[in-house]
């Protein structure tokens, strides 16, 4: 059927392009570094999303704490005002009921004895 020359050419063809062909290198379409970049970016995105979710809960707790501290400082300011009025302190708390402070206060406002 086939001549010896054709058979030899077919045998060489099979040897060169078959599964057992020498010097065959199988390569992927993209290098592994290019496949690792999206994986790293996805990992970074998941980490940032988790961090934002954790911060949302913490920010709510911090806002509640700030509101509580603001209310506490307002109540302390009101209490300070009532104590100043009860002690007879005038002009921002400079005037007290001791002779030394009376002298100092008179020097400060310009009425020297």
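The values are calculated or read from the model by the stated rules, or taken from the named source; none is laboratory data. Computed from a predicted structure; not experimentally measured. For neighbour counting, all protein chains shown are included, and Cβ atoms are generated from backbone atoms with ideal geometry for every residue, glycine included.
Numerical summary
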quantity: Residue list for the range 14-36, filter: surrounded by 10 or more Cβ atoms within 10 Å (Cβ to Cβ) and either at pLDDT 75 or above or not in a helix (DSSP H, G or I) (or both); calculated: 21, 24, 34, 35, 36
quantity: Qualifying residue in the range 84-93 (condition: touching a helix residue (DSSP H, G or I) at 6+ places or on another chain (Cβ under 7 Å), modelled with pLDDT under 80 and in a loop (DSSP other than H, G, I, E, B)); calculated: yes
